Structure formats: structure tokens, C-alpha cells
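Okay, so here's the structure we're looking at.
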Amino acid sequence: MKAKHQRLTLALLAVAAVIGAGLLALSALKDQAAFFYAPGDVGKAGPPVGRAVRLGGMVQTGSIKRQPDGVSIAFVVTDGVATVPVTFRGVTPDLFREGSGVVAEGQFNADRSFTASNLLAKHDERYMPPQAAGAMHETRTLEP
Amino acid sequence: MIAEAGLAALWLAAALAALQFVMAWIGIARDRDDIMVAVRPVAFVQGLLAVLAMALLITLFVQSDMSVLLVAQNSHSDKPLLYKFAGAWGNHEGSMLLWVTILGLAGAAVAMLEQNLAKPTLIATLGAQAVIALGFYAFLLFSSNPFARLDPAAPDGAGLNPLLQDPGLAFHPPTLYIGYVGISVAFSFAVGALVTRDVGPAFARAMRPWVLGARVFLTLGITAGSYWAYYELGWGGWWFWDPVENASLMPWLAATALLHSVSVLATRDGLRAWTVMLAVVAFSMSMVGTFLVRSGILTSVHAFAVDPKRGSFILALLAIYIGGALILFALRIGTVRQGRTFDLVSREGALVANNLLLSVILGIVLIGTLYPIVAASFGVQLSVGPPFFNKAAGPVALALVAIMGVGPLLRWRRDDAHELIDRMMLPIAAAALAGAGIFIATGGIAILPFLGLMLAAGLAAASVAPLWKRNLRRTPLFTWGMVVAHLGIAVSLAGMASESAFTRETLVAARVGEPHRVGPYIVRLDGISPAVGANWSALQAHLSVRRGEDGNWFVLRPQSRFFASPPTVTSESAIATMLDGQLYTVLGAADGQGRWQLRLWWKPYVTFIWLGGGLIALGGFLSLLGRVRRERRPAYREGYA
């Protein structure tokens, strides 16, 4: 094979690979990107039922209720504008507590409640997920 | 005084870095030997000063000097010594100083040890190193001074995040940083070669040990980080596609591609422009890995408290480094002459396929990591999680594994497709056998893990095939390295597929005395008792465990720990490691009616994931050793002079 041809073949292969990767990534993104909701966003248009989304905000003080089966909990997420009731089955993260930031992964139910499959709590006393911070409409700052 | 001395050392080091760059520039532009000669010692002293600054910072942490802001914010006098020591880099400023320290050391090593490279190229390389270091010094001195004083001094420190109080902290960040720095050295070599128009096998041979070494450390760092997250976070997962994990994976992917293309350049003089391009990409990825994490636009455990001014500084630095590298590449790549050609069915052809597939995976991970940031700037809040990465990157990774099995069995330059199929019979048989065995034993599992296990079996057979009919004692060390590293990929892949297909989970609220089943195990809660450590107190579950109805009882003690400074609760999982997997137990909260949450997993062969990672690193190390030993031989050096 001539040098020129080889270079051309390689370049074409590379371009094809890049386009392939882009298409693959975009098609997967369309299905899989989980949109982020704050409780205040839900009221306006109603929640997307049955899609994988994230819900972020603060755990309302006094709202955590342990369920009779011992492994499920119910609590309320608030952003100071609206609230969403959440149920979760599993061991809660170490830093999950009332009055603290949380991001719940899961889906909305038809009655506007939320079933979480995973909870993400803030990891550090000084740290709040930017999403949760945004959801609080900057009523709290990052630094003390 | 110590803090002031540290700051002075930093300023001096920065000044020397500036001098190093100017001298390299003038020396090369004017072709002045007397100036070029002086660059090496300057690089050496710059490295020493950076090490001194880091040593002084560690001293401050060990002494718990609360008049230093960084110590007061991140340390506490009652911390165990190891974490005072490692706590020096468990924060933003300290970790940046560690980075530049390793960079300085690497620069000193290049200056003192590199003997085979043409002198102007070496000097240009050191000049490029100085520019990289300058950016870091500026960043430290102007926006992240680790030696800033606190007046009046704090009575005691705020403490270290308890999640970080783990031996992993002493190990995980430095190994990753050594990896990043190694890549930056490789990049500097590429810049040096571009500046002096010297892109060829000699430059590739100088660069290769750094790429190999960087990749060994990146592999170790990622493997250790994965295991650390696995046992420390108590979620039972080993990879979360967290942006920060991706930030360390992307340089690894780029370094892996670079490693394979630099081999082609060093031994066959092919893929010149492509190798230089990959060096630029790998460096960009390691900068993204270092900085994106710190810039505060990512949500993660690793995002330390952020000051917005610092974020802009970081983004500007990123733009300068990556933009500068790309501009230099665009200006000079026309001068790189075409290397030697090859057939598509050849070792080179397989390596090109390897490079393309790795680049595709890199692209997918990059898109998935940055997409939420781009979307956020258009006012859309979303997150991209494991389903995306698994679906998009998984199939490409499996294709890459298939190529990996074929590549080493191909000849350089050109090969015959029919002969190749003969050579592939054994691996194909191994894969088919594994597939049939799994199907009969389990009655079918999800498609990706199934393909993963089949390919792992095939790759394991294929990766040892290059040793077939060879005298094992006379096989070069770097061939052993390749065999071990490829085998490591097979082992790791088998672990991942097995974990995803066969994990059993039980979540219960357990009463004392009640037995619960998870996989083949029976777990009984015998009681909860208090436990105390150096700076924590804990509730500890006493779990009696046995395998099957007539196994021997043994005990696991998962804890729920309470740290006083800062006040935090963490769960310490208890893990029993068997030959065929791990039993993973986590203690949750009490429900007030005498029941305790227990989360139990049986994860067959999950250990293979990290065992494989260890093998990949070992393979890289063997190759490195083999290359260095061969290239130190005078006869070899003259042969290529």
C-alpha cells in the first residue's frame, strides 16, 4: 500500500470511529441522561412519571419516618418553595439526616410522590452538592 | 518560621522554573551550548526546592501548627500520626503542592538520568517542563497558598473528613499524581521533539519508560481508589462513574493508547504524528483530571470547598495548557515526515485498532462527564450516570478486548489472515467452552456480563499464547510484561462480569439471634456492642457467619462509627474474603424496636477486579524494567545512534 493511501485510510477510519462514538454516545444520552428536579420544579408542569430522574433539596426537619419493615423510610424533600414525599428502601448514607442536603435518584409516581432507588448525601461538613445548593435558591452559602 | 520558609522555597522554585524556561528558550534559539549546559542543574535545584516546600508543609501538619490556616482547617491535634502526615495532601492546597513536588522531582530525574536523547531535544523538554511547573507555582502562590497564616491561631483544628481517615489516603492521591506527572513528562518530550523537529524512534524510546511508569502508577491509583471506595463508602459498588473517577480513567485510557502507539514508533518507526497527538491528548486529560475536580463545577467527594475565583484561575490554566499544546501541534506537525507503512492485517494494524477503540471509549467518557456541565450552562440540570456509560462504553470495551486477544499473535509489517485464524483456534475454543459452561450452569445471564466472561476466557488463553513454544528463560522481560498485563485485563474483566451477573443482596431489619441468608451464607446477628478508637466511638455488630448448614462459624464485625471532629457518622463495612468471592456486610440504623438494619452482599469473584488491576500494573512494571535494562546496554545504544 502506498504511503498516501495508508494515511488516507487511517484518517477515514479515525473519522468513522469518532462519528460512531458520537452517535453511540448521543443515542445513549437521549435515553439515559437523568434530569434533575427540585421540588419547586414539580408543581409547574407535573413530574415525568416513570423516568429515571434525580430529585434534590433538603430533608425537611422532623419528616424522616421509619417504616414497619425496618428497612424502608419515608421523608420529605423541600427546597423552600415546595415539598415532595419520598420513600426509600435501603441503608441510608452516613451523612443523610434531617435539615441536610440530599439528592435522591429514582422516579416520580403518578401521585407526585417519589420512589428513590439511591440516596446521595453531602460528603463533607463544608460541602454541598452544587445541585442541592442551586435547589435551595442560594438561601445557604457554601462557606460558613 | 517553618511556614515562611516553605513559602520562600516555593517562590524560589517558581523563579528557577522561569529561569529554566528562559535559558532553554535562548539556548535553543541561539544554539548556545554554554547556556544549554546550565539548564540541567537548574531543573535539579528547582526539584529540590519543591521537595523542601512539601517537606515543610508535612512538618507543619505533623506538629499540628494551628497558626497555619490550612492546618487549622484540615487537621486536628488528636488525629493519628499517619493521618496528620497524609492529611497534608488531603486538601486542595496541599494536593496541588504535592503535584508540583512530584513534577519537580520528575524534572530533576529527566535532567540527571536521560542520556540517549539529542541534547537540544532534551533541553527543549526541560523547558516545556518548566512552563508546566510555572502554571502550578502561579496557581499555588496567587490563589492557593498552603502556607497562609491564621491570626490569631486557632485553639484546635477542624479535623479531616472521616471518610478520608483511611490508609488509602496515604496511598491513593500520590500514586495518581505520579501517574499524571509521568504523562506530563511524556508530553514534555513530545513538545521537545516538536520544537527541535526530532520526532522519531529516539524520542519515542526516551518517552516510553515515562509512559510505562505513568501508566503503572495510574493503574495502581485507580485500582486502589476503586477498592477504597468499595469498602469505605459501604455501597457495595466498585465503580460509580463519578466524574472524578472518570477524570482518572480518561488519562489512563489515553496513556494506554499512547503506550501502544509509542511502541510502534520506537520499534517500527510508524505512527509518528499520531503518537505526538496522543501525547497531547493524554496530557490534556491528566490536566482535566487534576483540575476539573478542583474547579468546583463537578459534584463529588473530591470537590473540596470552592472559591469561585480559584475556579476561573483553573479554567484559564486548562485553556492555556491545552490550547498551547494544540497550537504547537498544529504549527509543527507538518514538519513530521511520514513514518514507515504497514498492512492492515499486521501487529501495527491491530495497534491502530486498539488506539481507535481506546479513543472512542475516551470520547464517550469525556462526553458523558462534560455533558451535564454544558447542559447546566444552558440552564438544564441533568446528570449522566452508570446506565449511559455501561450502555455506550461497554460494547466498545468488549470489541477492544477481542482485538487485544488477536494483536499479540500478529506479526509486524504484514501477516496472513488464514494463518492468524489457525493461531486463534485455542482462544476461540476457550471462549466457546466458557460460554457453553456458563449457559449450562446458570441457564442464561444478562448479555454484557455473558459476553464479558466469554471474552475474558478467550483473552486469558490468547494472552499467554505468545509464550507458546518459547524458551521461557530467554523470553525478554517486556514480552512477559505484555503477557501479564493482558492477562490482568482478562482477570479484571472476569471479576467485573461475575460481580454484575452473580451478586446476591439481602437487606433486612434483623433481631438478635435471627439467621438470614445471602447467597450460600447464613448470617446471624449475635448482638451490638460499643467500641472505641483513637478519635471515634462506634456501635459494633457481632455477626456469626457460616457457609451452608454445616460450615464453620466465623465472626464479622461491621461498625457504625461516630467521629467527634468534625462530627460525622460513617459505616465501616466488614468483609470476609474467600477464594471465590467476598461476603460484604454493613450495619445500618436501629429502628427503635430492637431491630438493626443489615445490608449483606455475596459477591462471587469480585476480588478478581483488583487482582487484575494489580496484574496490569505488574505487567507494566516488568516491561519498564525490561526496556530500561535493554536500553542501558551500550551495544544497543550504539546500534541506534
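The values are calculated or read from the model by the stated rules, or taken from the named source; none is laboratory data. Since we're looking at a predicted model, the values are computed, not measured. So basically every Cβ, Gly included, is an ideal-geometry build from the backbone, and we count neighbours across all protein chains shown.
Of all residues in the stretch A:5-26, those being closer than 23 Å to B:F342 by Cβ and more than 8 Å from chain B (Cβ to nearest Cβ) number 6. For the stretch B:529-580, the tally of residues that are farther than 24 Å from B:W610 by Cβ and polar (S, T, N, Q) stands at 9.
Annotation note: Cβ proximity below 7 Å between a residue of the stretch B:363-388 that is more than 16 Å from B:A247 (Cα to Cα) and a residue that is modelled with pLDDT of 75 or more and surrounded by fewer than 19 Cβ atoms within 10 Å (Cβ to Cβ) (sequence gap 6+ or interchain) occurs for B:L382/B:A375. Of the residues screened, B:A282 is not one that is outside the structural domain of B:T570 (by TED's automatic domain parsing), crowded, with 22+ Cβ neighbours inside 10 Å, in contact with a Lys or Arg (Cβ under 6 Å, 6 or more places away or on another chain) and part of a helix (DSSP H, G or I). Of the residues in the stretch B:95-114, at least one is closer than 30 Å to B:D166 by Cα and at pLDDT below 90.
Screening A:V49 on (1) away from chain B (no Cβ under 14 Å); (2) at pLDDT 90 or above shows it passes everything except condition (2).
Each row is one residue, and each column tells you yes or no for (1) among the basic types (K, R); (2) at negative phi; (3) buried (at least 20 other Cβ atoms within 10 Å of the Cβ); (4) not assigned by TED's automatic domain parsing to the domain that holds B:L141.
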| position | (1), (2), (3), (4) |
| --- | --- |
| B:A8 | no, yes, no, no |
| B:L12 | no, yes, no, no |
| B:A18 | no, yes, no, no |
| B:A24 | no, yes, yes, no |
| B:D31 | no, no, no, no |
| B:V37 | no, yes, no, no |
| B:L49 | no, yes, yes, no |
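Of the residues making up the stretch B:107-118, those that are part of a helix (DSSP H, G or I) and either of a type in the set (D, E) or exposed (fewer than 15 other Cβ atoms within 10 Å of the Cβ) (or both) are B:M112, B:L113. Scanning the stretch A:77-86 for residues that are surrounded by fewer than 20 Cβ atoms within 10 Å (Cβ to Cβ) and either within 14 Å of chain B (Cβ to nearest Cβ) or among the aliphatic types (A, V, I, L, M) (or both) yields a total of 2.
Within the stretch B:182-210, the residues that satisfy the criterion of being under 21 Å from B:G324 (Cα atoms) and either assigned by TED's automatic domain parsing to the domain that holds B:L126 or of a type in the set (A, V, I, L, M) (or both) are B:I183, B:V185, B:A186, B:A190, B:V191, B:A193, B:L194, B:V195, B:V199, B:M207. Is one or more of the residues making up the stretch B:210-220 among the basic types (K, R) and modelled with pLDDT of 90 or more? Yes; the residues of the stretch B:210-220 include at least one that is among the basic types (K, R) and modelled with pLDDT of 90 or more. B:L81 falls short on exactly one of the conditions (1) in contact with a helix residue (DSSP H, G or I) (Cβ under 8 Å, 6 or more places away or on another chain); (2) touching a residue at least 24 places away in the same chain (Cβ under 8 Å), and that condition is (2).
For the stretch B:85-103, the criterion of being surrounded by fewer than 19 Cβ atoms within 10 Å (Cβ to Cβ) and in contact (Cβ under 8 Å) with a residue 60 or more places away in the chain is met by at least one residue. Residues in the stretch B:575-606 that are farther than 15 Å from A:S72 by Cβ, within 14 Å of another protein chain (Cβ to nearest Cβ) and within 31 Å of the chain's Cα centre (by Cα): B:Y584, B:T585, B:V586, B:L587, B:L600, B:W601. Candidates are the residues of the stretch B:370-400 that are within 9 Å of chain A (Cβ to nearest Cβ) and either hydroxyl-bearing (S, T, Y) or not in a helix (DSSP H, G or I) (or both); the one that is surrounded by the fewest Cβ atoms within 10 Å (Cβ to Cβ) is B:V380. When the stretch B:243-276 is filtered for residues that are farther than 23 Å from B:A485 by Cβ and surrounded by fewer than 22 Cβ atoms within 10 Å (Cβ to Cβ), the ones remaining, listed by number, are B:V244, B:D269, B:A273. What do you reckon, is B:L357 under 32 Å from the mean Cα position of the chain (by Cα) and away from chain A (no Cβ under 11 Å)? So B:L357 does not fit the description; no.
Scanning the stretch B:547-571 for residues that are outside any strand (DSSP E or B), buried (at least 17 other Cβ atoms within 10 Å of the Cβ) and modelled with pLDDT under 90 yields a single hit, B:S565. Among the candidates B:V352, B:V365, the residue that is assigned to a helix (DSSP H, G or I), closer than 16 Å to B:S261 by Cα and at pLDDT 85 or above is uniquely B:V352. Residues that are surrounded by fewer than 18 Cβ atoms within 10 Å (Cβ to Cβ) and of a type in the set (A, V, I, L, M) are absent from the stretch B:64-78. Listed by position, the strands (runs of 3 or more DSSP E) enclosed by the stretch B:572-624 that each have at least 3 residues that are over 30 Å from B:R215 (Cβ atoms) and touching a strand residue (DSSP E or B) at 6+ places or on another chain (Cβ under 7 Å) are B:581-590, B:596-604. Going by the conditions given, is B:D591 in contact with a Lys or Arg (Cβ under 8 Å, 6 or more places away or on another chain), more than 16 Å from B:D166 (Cα to Cα), among the charged types (D, E, K, R) and in the same structural domain as B:R511 (by TED's automatic domain parsing)? Yes; evaluated as a whole, the condition is true for this residue. Taken over the stretch B:401-416, the residue count meeting the criterion of being assigned to a helix (DSSP H, G or I), more than 23 Å from B:E245 (Cβ to Cβ) and not small (G, A, S) is 4. Taken residue by residue, the stretch B:444-457 has at least one member that is assigned to a loop (DSSP other than H, G, I, E, B), buried (at least 16 other Cβ atoms within 10 Å of the Cβ), within 32 Å of the chain's Cα centre (by Cα) and without any contact (Cβ under 8 Å) to a residue 60 or more places away in the chain. Quick check, is B:A55 surrounded by fewer than 23 Cβ atoms within 10 Å (Cβ to Cβ), of a type in the set (G, A, S), at pLDDT 90 or above and within 25 Å of B:R149 (Cα to Cα)? Criteria met by B:A55.
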